[in-house]
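Q: Below you will find the structure I want to go over with you.
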Amino acid sequence: MKLYYTPGACSLSPHIALLEAGLPYSLCKVNLQDKKLESGEDFNSINGKGYVPALQLDDGQLLTEGSAIVQYIADRNPAAGLAPAAGSAERYKLQEWLNFISTEIHKGMGSMFNPAQTPEWKESVKATLGKRLDWLSKQIEGKQYLLGDKFSVADGYLFTVLNWAGMVKFDLGKWPVIQQYAARVGQRPKVVEALKAEGLLH
Ligand SMILES: N[C@@H](CCC(=O)N[C@@H](CS)C(=O)NCC(=O)O)C(=O)O
């Protein structure tokens with residue numbers, strides 16, 4: 001498998017999943033400014049959506065959308081326990097989490113990187129994110145991970161988007177439970193390995 005990624009972007013989530021799953025993979029860096037690979041090749045010609053993550057499967061197919069990609073990775077090595085079995089009630093809970101992270105956290109947090117965002121727009125995004133984090137904090141309280149005691153691909157994804165808070169000056173201080181959760185996930189050896197590989201930790 002080959003993961004098209006950009007350091008620190010949401011592609012960190014499948015990068016973490018690949019390491020946690022212990023699967024062989026290679027990385028291919030994408031410059032999101034000019035949509036070029038390091039080879040100079042046009043990324044748009046590989047993924048017409050023009051965004052990361054994208055995972056090239058061993059049969060050559062391209063899989064996009066982070067939530068689908070991390071489930072694909074988890075299912076390649078069920079023994080790693082990164083996702084409940086497909087079809088189980090727990091698997092739908094995982095999908096519920098992935099969708100929540102994608103639409104309610106990722107997109108709001110990600111919008112704050114947009115230089116065209118007006119101060120009013122930013123305030124409105126922060127207010128909505130605040131409501132989501134109020135709720136999220138109550139869900140995480142007393143738990144190690146989103147699904148309970150076991151780390152899943154949803155944790156790698158949530159960690160990835162919470163990790164942007166500092167970069168976009170969104171203070172998580174109001175949610176100590178979420179800060180402790182992010183620190184817990186961030187200490188996992190495979191998460192540290194992914195951060196180092198992307199040049200985000202030294
Ligand atoms: N719907 C996609 C969104 C992925 C996404 O937002 N990727 C960002 C980086 S975090 C990106 O590549 N943005 C560049 C662009 O849209 O041109 C997913 O869930 O995987």
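Where a number appears in this text, it was derived from the coordinates with a stated rule and is not lab data. From a predicted model like this one, the values you see are computed outputs, not experimental measurements. Glycine gets a Cβ as well: all are built from the backbone with ideal geometry, and neighbour counts include every protein chain shown.
Q: Just give me the residues in the range 60-88 being part of a loop (DSSP other than H, G, I, E, B) and either within 19 Å of the chain's Cα centre (by Cα) or under 19 Å from G22 (Cα atoms) (or both), in sequence order.
A: Selection gives E65, N77, G81, L82, A83, P84, A85.
Q: Are any residues in the range 80-100 of a type in the set (K, R) and touching a Pro at 6+ places or on another chain (Cβ under 6 Å), and if so, which ones?
A: Residue satisfying the conditions is R91 alone.
Q: Mind checking which residues of the range 60-95 are hydrophobic (A, V, I, L, M, F, W, C) and in contact (Cβ under 8 Å) with a residue 40 or more places away in the chain?
A: I69, V70, I73, A74, A80, L82, A83, L94
Q: Anything in the range 96-116 that is within 11 Å of the ligand (Cβ to nearest atom), assigned to a helix (DSSP H, G or I) and free of Cβ contacts under 8 Å to residues at least 40 places away in the same chain? List them, or say none.
A: If the condition is that a residue be within 11 Å of the ligand (Cβ to nearest atom), assigned to a helix (DSSP H, G or I) and free of Cβ contacts under 8 Å to residues at least 40 places away in the same chain, then N99, T103, K107, S111 are the ones that fit.
Q: Identify, from the list A17, A9, the residue that is near the ligand (Cβ under 10 Å from one of its atoms) and under 30 Å from H202 (Cβ atoms).
A: Exactly one residue qualifies, and that residue is A9.
Q: Out of curiosity, is W164 surrounded by 17 or more Cβ atoms within 10 Å (Cβ to Cβ) and more than 16 Å from the chain's Cα centre (by Cα)?
A: Against the criterion (surrounded by 17 or more Cβ atoms within 10 Å (Cβ to Cβ) and more than 16 Å from the chain's Cα centre (by Cα)), W164 does not qualify.
Q: Here is a follow-up. Tell me the residue from K150, K143, K138 that is out of contact with any Asp or Glu (no Cβ under 9 Å at 6 or more places or on another chain) and surrounded by 12 or more Cβ atoms within 10 Å (Cβ to Cβ), please. Reasoning before the result, please.
A: On the way: K143 fails: out of contact with any Asp or Glu (no Cβ under 9 Å at 6 or more places or on another chain); K138 fails: surrounded by 12 or more Cβ atoms within 10 Å (Cβ to Cβ).
That would be K150, the only listed residue that is out of contact with any Asp or Glu (no Cβ under 9 Å at 6 or more places or on another chain) and surrounded by 12 or more Cβ atoms within 10 Å (Cβ to Cβ).
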